[in-house]
Every structure is written in structure tokens, then in C-alpha cells.
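Asks: The structure's right below; bear with me while I get my questions together.
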Amino acid sequence: MTKHDQDETQFDFRATTLPGAEEALCEELRELNFSGVRLNRGGIPFRGTMQDGWRACLESRIAQRILLLLDRFPADSAESLYAGAKGVAWERVISPRHTLSVAAVCRGSTLQHSNFAALKVKDAICDRLRDISGARPTVSRDDPDVRVQLYLANNKASLSLDLSGEPLHRRGYRTEAGEAPLRETLAAVMLRVCGWDRDTLLVDPMCGSGTIAIEAALWAANHAPGLDRERFGFERWANFDDAQAERLRALRGSLRRAVRPTRPRIVAADRDEQVLEIARANARRARVKLAFRHQSFLDFQVGGAEPGALVMNPPYGVRLEKEPDLVHGIAAAISRLHGWRVCLLAGSPDYERAIPIRPLRRVMLSNGPIECALLVYQVP
């Protein structure tokens, strides 16, 4: 991948996301004008130049990682996997001075152990570089310069490079979190599935560390979520030179100029004053203006306010067991929000049973190890 290659060549990329969020990510990438986007449960593929891959890292609110496909080949044995991996021109992105890591997923193949498959790919990379330069890179599991991903399915191997580095949900503004922090990417999925138009009133009545409200404010302002990231994985590759750095600065500059100096009506409330202080600090780091209220959702009143959107991540699991009446209190409060659009991430089926309205949408999502139902209601 020379400089000219990166400017002109079309590459195959794949954007990964949380299980269940593929449709939302597909919709987002199409809205951002990426080419070749199609729905796929293993991640959303798209095509573009290398700078399109950079742009996906900067602009996608829902993607967890952006992967660049390097090669595909049959691999029905350890030997064929090693040979195929050694045939990739790794020296274009990795030198002996770099560190690397290899992650693997194996499904329906002769090689079933992901750690063994990752080890064979790592050996192939290191052996190729040693043959070329007389030295080999070292492995770093914690903070590698180059992250390689192997996907082995039905004895067919796909090798990719991770452009992201750290997962893209780490925007940089949230240095503190409450008891059960919500990933920024999952908050972005909730906002999109809810159908919020980025202009009407939005309320998170159980805001915790403020993630939903902050993500809403950034989206409303057209503030690309990756703008405040210190750096991405691709900036550490061997072929990322001064000319590429200048192109990335220009791309960042164009995205900063696209930010709208608007102040949407977004309210973040919580009954815990200490948690609200964390949310305020996170909002300041994200440079967004929110209205904060120290209030329990059970006491939430809309008064004469026009109907808006209410998006929330209520307690579940152990926290819910400690407050057995909370579900019915939340259901009653939602029923009073006449004309409002309500979206909640339900980690317990008790919520859907208690709310006396049929949801408009029901999307199953994974919130860490917990399978949740993202429920969207239009309160009559």
C-alpha cells in the first residue's frame, strides 16, 4: 500500500458493532455516504479508499471497529493457514520495530481453537519479516502498534487489519462512570432506533454518567465522535508517513468545520447527586451544553412541555432485585407521558410485561454479557 495506492485504490472494509445493532449501523453508514454498504450479521461491509476507512473511524457513532480486509484464502489445516498468512505483504504495514497482536475467531472449520490459529498467523507474520529484514516484531497484547484479525469460517480464512486501535466507543470524554456505565456506541444505537429527530426535546431521566444525553448532543451538533480521539490504530502503521498525517489533519479539519453550533433541548436527570456530578464533568469534557436535574424518574412531570423523546437505561439484574417496586413505578410514569416517544433498554422482561402499551419496535441487543430488549413506544 504505497501513498498512491492509499489515495486511489478501492479497499474492502468491515465495520463491526454490538450484536443486534447491525441494522442501525448499516443505516448509519449509508447515511454517511459510504459505498457498497450491505446488511450482514457478522459486521457491515463497505468499499472505499483508505481515507474512507479513516473517515469511518472518525464519523461512525455505532461501529466498534473498522477492519481493512487484506486477503482471503482456503485454510483447512495449520499448514495452509500458515502458508496463506505468510504470503501477505506484511512488511508494508509492520516493521521489526513495531509491536503486533493477532486475534482469531474460528467457526465450522478444521481448526477450532482460536488461540492456536492466532499463533500460526503470528508465526507467519514474524517469519516473513525475519526472512526479509533479519529481525522480527514483538507481540504486545495490551497496546500493539498493529492489530491483526483472523476470521476462519468453513475452512476459509480472512485476514484483516484493525484501523481503530482502541475500540471506537472510547470517545475520550468519559473518564468517570457510574455504577453500570453504558457504552457510547450502544447509546448511539438507542438514539437512532428511537427515531429522535435531533431537534425536539430529549430527556434521559436516569442519566447515570450522562452517556445518552452527551451522545445525543454530539449527534445533534454533527460533531464527529472520533474528533477528540488522540489517535487511531492506522496512525501507528509503518506506511503512515508525514503526507498521510497531513491528509488526516485536513480530514479532521473538514469535519470540525461541519460542526453545527446548535444547542438542542436535552435534559439529563438522576436521583443521585453524586452521579450527576460525574455526568456534568463528562459533559464539560465533551464540550456540550445539557440541562441537568436532580430528580427521581418516579417524580418526573412533563407539565406543559410539548411531547418529546424519552430515552433511558433503567436498572436491571442485581440492582432491580433490590428495588422490586421500581418496574411498576417506571411503567406508571411512562404511561403518563401522553404523546411522547419512549425508548428504554430493558435487561429484564419485567419492563415489557409491566408497560401497558405494545412497543412499536423491539430490537434485541447485547449490553456486555446481558441480552436486552430495546423497546420503543409511542404513548397515546
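The values are calculated or read from the model by the stated rules, or taken from the named source; none is laboratory data. None of these values were measured; they are calculated from a predicted model. Note: ideal-geometry Cβ built from the backbone for every residue, glycine included; neighbour counts use all protein chains shown.
Asks: Check the stretch 159-173 and report whether any residue there is outside the structural domain of ILE66 (by TED's automatic domain parsing) and more than 27 Å from GLY48 (Cβ to Cβ).
Replies: yes
Asks: Only one of ALA286, ALA220, ALA279, ALA268 is free of Cβ contacts under 8 Å to residues at least 60 places away in the same chain and not β-branched (Val, Ile, Thr); which? Talk me through it step by step, then tell me what you get.
Replies: Values: ALA286 fails: free of Cβ contacts under 8 Å to residues at least 60 places away in the same chain; ALA279 fails: free of Cβ contacts under 8 Å to residues at least 60 places away in the same chain; ALA268 fails: free of Cβ contacts under 8 Å to residues at least 60 places away in the same chain.
So the residue among ALA286, ALA220, ALA279, ALA268 that is free of Cβ contacts under 8 Å to residues at least 60 places away in the same chain and not β-branched (Val, Ile, Thr) is ALA220.
Asks: Go through the stretch 201-223 residue by residue and tally those that are in contact with a strand residue (DSSP E or B) (Cβ under 6 Å, 6 or more places away or on another chain) and not hydrophobic (A, V, I, L, M, F, W, C). Give the derivation first.
Replies: Pass one, the stretch 201-223, residues in contact with a strand residue (DSSP E or B) (Cβ under 6 Å, 6 or more places away or on another chain): 202-207, 210, 212-213, 216-217.
This time we only want the ones that are not hydrophobic (A, V, I, L, M, F, W, C), so: 204-205, 210.
The qualifying residues number 3.
Asks: Return only the number of the condition from (1) free of Cβ contacts under 8 Å to residues at least 40 places away in the same chain; (2) in a strand (DSSP E or B) that ALA157 does not satisfy.
Replies: (1)
Asks: Determine if the stretch 166-174 includes at least one residue that is on the phi < 0 side of the Ramachandran plot and not in a loop (DSSP other than H, G, I, E, B).
Replies: no
Asks: Taking the residues in the stretch 1-26 that are modelled with pLDDT of 95 or more and among the hydroxyl-bearing types (Ser, Thr, Tyr) as candidates, determine which candidate is farthest from the chain's Cα centre (by Cα).
Replies: Residue satisfying both the conditions and the ranking: THR16.
Asks: Tell me the residue from LEU310, LEU365, LEU320, LEU360 that is among the aliphatic types (A, V, I, L, M), modelled with pLDDT under 90 and assigned by TED's automatic domain parsing to the domain that holds LEU191, please. Write out each step before concluding.
Replies: Numbers: LEU310 fails: modelled with pLDDT under 90; LEU365 fails: modelled with pLDDT under 90; LEU360 fails: modelled with pLDDT under 90.
Residue meeting the stated conditions: LEU320.
Asks: Now for a different question. Taking helices (runs of 4 or more DSSP H) that fall entirely within the stretch 1-109, which contain at least 1 residues that are touching a Leu at 6+ places or on another chain (Cβ under 7 Å)? Reasoning before the result, please.
Replies: Working: elements: 3-8, 22-31, 50-59, 78-86.
Correct list: 22-31, 50-59, 78-86.
Asks: Return the residues of the stretch 349-380 that are assigned to a loop (DSSP other than H, G, I, E, B) and within 22 Å of ALA24 (Cα to Cα); say none if nothing qualifies.
Replies: Within the stretch 349-380, ARG358, PRO359, LEU360, GLY368, PRO369 qualify.
Asks: Looking for whichever is exposed (fewer than 15 other Cβ atoms within 10 Å of the Cβ), of a type in the set (A, V, I, L, M) and either at pLDDT 95 or above or within 15 Å of LEU168 (Cβ to Cβ) (or both) here; the options are LEU39, LEU100, LEU29, LEU67. Which one fits?
Replies: Working: LEU100 fails: exposed (fewer than 15 other Cβ atoms within 10 Å of the Cβ); LEU29 fails: exposed (fewer than 15 other Cβ atoms within 10 Å of the Cβ); LEU67 fails: exposed (fewer than 15 other Cβ atoms within 10 Å of the Cβ).
Exactly one of LEU39, LEU100, LEU29, LEU67 is exposed (fewer than 15 other Cβ atoms within 10 Å of the Cβ), of a type in the set (A, V, I, L, M) and either at pLDDT 95 or above or within 15 Å of LEU168 (Cβ to Cβ) (or both), namely LEU39.
Asks: Then there is this: For the list (1) more than 20 Å from HIS169 (Cα to Cα); (2) in a loop (DSSP other than H, G, I, E, B); (3) modelled with pLDDT of 95 or more, I need the number of the one condition that GLN244 fails.
Replies: Of (1) more than 20 Å from HIS169 (Cα to Cα); (2) in a loop (DSSP other than H, G, I, E, B); (3) modelled with pLDDT of 95 or more, only one is false for GLN244: (2).
Asks: A further question on this structure: How do the pairs read when you match residues in the stretch 63-80 that are on the phi > 0 side of the Ramachandran plot and in the same structural domain as ALA21 (by TED's automatic domain parsing) with residues anywhere that are part of a loop (DSSP other than H, G, I, E, B) and surrounded by fewer than 19 Cβ atoms within 10 Å (Cβ to Cβ), using Cβ under 7 Å and keeping only pairs 6 or more apart or on different chains?
Replies: Nothing qualifies.
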